1. Assuming R0 = 51 Å, what is the FRET efficiency of residue 135 and residue 256, from their Cβ-Cβ distance, to the nearest 0.05?
2. As a test of understanding, state the convex hull volume per residue of region 160-223 from its alpha carbons, in Å³.
3. Taking neighbour Cβ counts within 10 Å as the exposure measure, how do 107, 205 sort from fewest upward?
4. Hey, how much of the P(r) for the chain falls beyond 31 Å, as a percent of Cα pairs?
5. Given a Förster distance of 41 Å, report the FRET efficiency between residue 284 and residue 408 from their Cβ-Cβ distance, rounded to the nearest 0.05.
6. For the chain, take the longest principal axis of its alpha carbons; what is the angle in degrees between that and the long axis of helix 312-330, to the nearest 10 within 0 to 90?
7. Rounded, prolate or oblate, given the Cα gyration tensor of region 91-249, with a/c below 1.5 counting as rounded?
8. Give me, ordered by chain and number, the residues 5 or more places off residue 307 or on other chains with an amide H under 5 Å from its own placed amide H.
Amino acid sequence: MAITLHLCRIPTRPDLYLQGSLAGPGAARPRRALSVRCSGDPSSAAVSADGDFDAKVFRHNLTRSKNYNRKGFGYKDETLQLINREHTSDVIKTLKENGNVYAWGNVTVKLAEAYGFCWGAERAVQIAYEARKQFPEEKIWITNEIIHNPTVNKRLEEMEVENIPLEEGQKQFDIVNKGDVVILPAFGAAMNEMLTLSERNVQIVDTTCPWVSKVWNTVEKHKKGDYTSIIHGKYSHEETVATASFAGKYIIAKNMKEAAYVCDYILGGELDGSSSTKEAFLEKFKYAVSPGFDPDNDLIKVGMANQTTMLKGETEEIGKLVERTMMRKYGVENVNQHFISFNTICDATQERQDAMYKLVEEKVDLMLVVGGWNSSNTSHLQEIAEERGIPSYWIDSEQRIGPGNRIAYKLNHGELVEKENWLPEGPLTIGVTSGASTPDKVVEDALVKVFDIKREEALQLA
Ligand code: SF4
């Protein structure tokens, strides 16, 4: 279904969304009180008397309310020590001490220069650990996986951090009671979820990565300037769902092909002829546009935004294509009235992708890519290896390896493949990388399985 806001309850905490409650010299002029339009229409939204819901003001005020925390509770050192104990790896340590290349028996491992846990993921996990320590007796919920890693998520389950239950795809927030604690994951949460939680008067522990918040600020700027946000992302990814919820008008393009289709439509079919009628356009993007989107009226002023974990090069290329399209349509001298762009590409994603581009230039027999199967940034690392024609195996944990010389892995496009004898006989060089949500220990566990298979092989040949 299309991404829409579902706001059919009347928020009961006007302090959170009335601009008049902003303090200080930078405070904007007071606005009139908000009313709420509640119809059967799933796109019903909180609106002001002048027809406007100010998501930025809501967020601003929520982050300053007493039931909200996004900085942890003062246990940073001890929770980081715990995370290190649970998630670091001697194998990775050895690799790092040896210039990212090391041989165990006849297996040489080449580790990407940048890999694994990004600071945003580590920060989110650490704040979640702090929340458990701060609220030892309270019920703690989480609105989604904290990060896309099964090992970390299982650990939080053991700590009795529970997922909000789903019923027919809808989160059942009714289960959350006043006094409970609710963690928002690293990818953030959609505005309607934040509104619901603020109504329920729960303690919110927000681990949203600041890079993600930066994108939200960007789409809010688009909205303010009456620009439609073109979001390079996947419409069903939690981060993009959240970003879209803070945007005004938006369209989500998952790759260059979709972006070219949009640009071709803007140019009346003169880019590459890939687009056709308005009806076909709306059918193609039916899950990926804001309610009431009209491509004839809503693509006159556009701004770029992105899911932080998409391929950096592709985000840049899409931005350039859209800019050129607006120049062609409206003239170079007028482009600033029709196109805006801010750099919101996350450094961590960029570094991991750059390191992977370097690693695929090295001589390796195969690539092992470790990261959650629902991790977008890991899928792009796998994509880079596949594009180079290198045998590449994307696994989410060591349990995908075995029994014996067998592996179950995913391809970039999500296909699950099982393969016997995936490790060739004899000396082997393996390139290794891991997604931004992957602790080193998960990579170590996978490599240890590889070493075991090769050791077994050597014993049989001896
Ligand atoms: S990949 Fe980037 S945006 Fe995502 S959590 Fe890590 S630092 Fe934040």
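1. It comes out at approximately 0.65.
2. So the per-residue hull volume is 103 Å³.
3. Listing 107, 205 from fewest to most nearby Cβ atoms yields 107, 205.
4. 48 percent
5. Calculated transfer efficiency: 0.80.
6. So the helix axis and the longest Cα principal axis differ by about 40 degrees.
7. oblate
8. Distant-sequence amide H within range of residue 307: 232, 233.
Where a number appears in this text, it was derived from the coordinates with a stated rule and is not lab data. Given the structure is predicted, the values throughout are model-derived calculations rather than measurements. Please note: Cβ atoms are built from the backbone with ideal geometry, for glycine as well, and neighbour counts cover all protein chains shown.
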